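Colleague: Let me begin by handing over the structure; questions about it come next.
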Amino acid sequence: MKNTQAQVLAIKKPSESNLSSIIRDIDSQSFLITSANAKSGVTSSALILADELSKTTNDRTLIIDVSLSKNSLTELLGKADDPGLVDIKTNIEATTSFEKNYYKVENFNFYFMPIGFKKENTQDIIHKELNTILKKLSKEFRYIIIDGDSIYSNNNTIEIAAKTDAVILVVQAEETRWEVAQAAQKRLSQAGANIIGCIFNNRKYYTPNWIYKKL
């Protein structure tokens with residue numbers, strides 16, 4: 001990963017954002033970060049949240065990438081050819097850890113699970129195995145943060161939302177129309193998702209400049 005990882009994880013200090021206050025004091029363990037529109041700062045918010053939680057609580061924290069975007073965190077961290085979420089076989093590995101599918105992020109306290117290289121398995125894994133995977137990972141991690149695609153760019157997002165403990169919706173100021181945000185919230189609620197908060201992302205420094213150049 002070399003310099004790529006250092007660039008990706010140029011995260012703001014906890015004092016500059018307070019995303020962790022949304023979830024720190026509740027019992028939920030798995031959280032989907034999503035948005036109504038693409039390019040709303042979902043990945044940046046997930047990174048900041050993982051960094052804050054791992055620093056302020058000292059609890060084991062994991063980011064899972066489920067994005068199929070060419071600019072996903074998996075791609076940016078150089079993990080496109082490494083095993084990840086979609087490569088897990090729960091029937092075979094039921095009694096073993098998923099350690100080979102996630103990685104300690106160098107110089108940070110949190111861990112990262114890429115989407116994996118068998119992307120053709122994505123929908124099948126989410127539909128059949130995600131509940132089992134999250135249940136098992138919840139024994140290894142206090143916080144599981146899922147970096148998801150926007151609701152209207154990937155149909156898998158709604159199903160993931162229904163299977164996680166809670167959902168946080170990212171809204172990009174001056175970009176996301178209020179009607180679109182309301183429609184996204186309604187779709188999530190109809191799917192049975194537990195929406196616990198919204199990140200109103202109106203500060204350019206939430207997403208580092210290097211990310212904008214890659215989007």
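The values are calculated or read from the model by the stated rules, or taken from the named source; none is laboratory data. In this text the structure is predicted, and so the values were computed from the model without any measurement. Here the Cβ is made from the backbone with ideal geometry for all residues, glycine too, and neighbour counts use every protein chain on show.
Colleague: If the requirement is being modelled with pLDDT of 70 or more and in contact with a helix residue (DSSP H, G or I) (Cβ under 6 Å, 6 or more places away or on another chain), which of these qualifies: Ile11, Ile26, Ile33?
Modeller: It is Ile33.
Colleague: Shifting gears a bit: Kindly indicate whether any position in region 159-168 is at pLDDT below 90, touching a strand residue (DSSP E or B) at 6+ places or on another chain (Cβ under 8 Å), in a loop (DSSP other than H, G, I, E, B) and not aliphatic (A, V, I, L, M).
Modeller: Looking for residues that are at pLDDT below 90, touching a strand residue (DSSP E or B) at 6+ places or on another chain (Cβ under 8 Å), in a loop (DSSP other than H, G, I, E, B) and not aliphatic (A, V, I, L, M), one finds none in region 159-168, hence no.
Colleague: Can you find a residue in region 54-65 that is surrounded by fewer than 21 Cβ atoms within 10 Å (Cβ to Cβ) and within 11 Å of the chain's Cα centre (by Cα)?
Modeller: Checked region 54-65: no residue is surrounded by fewer than 21 Cβ atoms within 10 Å (Cβ to Cβ) and within 11 Å of the chain's Cα centre (by Cα).
Colleague: If Gly78 satisfies every condition in (1) closer than 19 Å to Asn101 by Cα; (2) among the small types (Gly, Ala, Ser); (3) under 15 Å from the mean Cα position of the chain (by Cα); (4) at pLDDT below 90 but one, which is the exception?
Modeller: (3)
Colleague: Quick one: would you say Val86 is within 15 Å of the chain's Cα centre (by Cα), aliphatic (A, V, I, L, M) and under 20 Å from Asp165 (Cβ atoms)?
Modeller: no
Colleague: Please go through region 102-157 and give me each residue that is over 21 Å from Asp81 (Cα atoms), of a type outside the set (Ser, Thr, Tyr) and surrounded by fewer than 16 Cβ atoms within 10 Å (Cβ to Cβ), ordered by number.
Modeller: Within region 102-157, Asn107, His127, Lys128, Asn131, Lys135, Lys139, Glu140, Arg142, Asn155 qualify.
Colleague: OK, next. For region 58-76, check the following and say yes or no: at least one residue is among the basic types (Lys, Arg), out of contact with any strand residue (DSSP E or B) (no Cβ under 8 Å at 6 or more places or on another chain) and within 21 Å of Thr157 (Cβ to Cβ).
Modeller: yes
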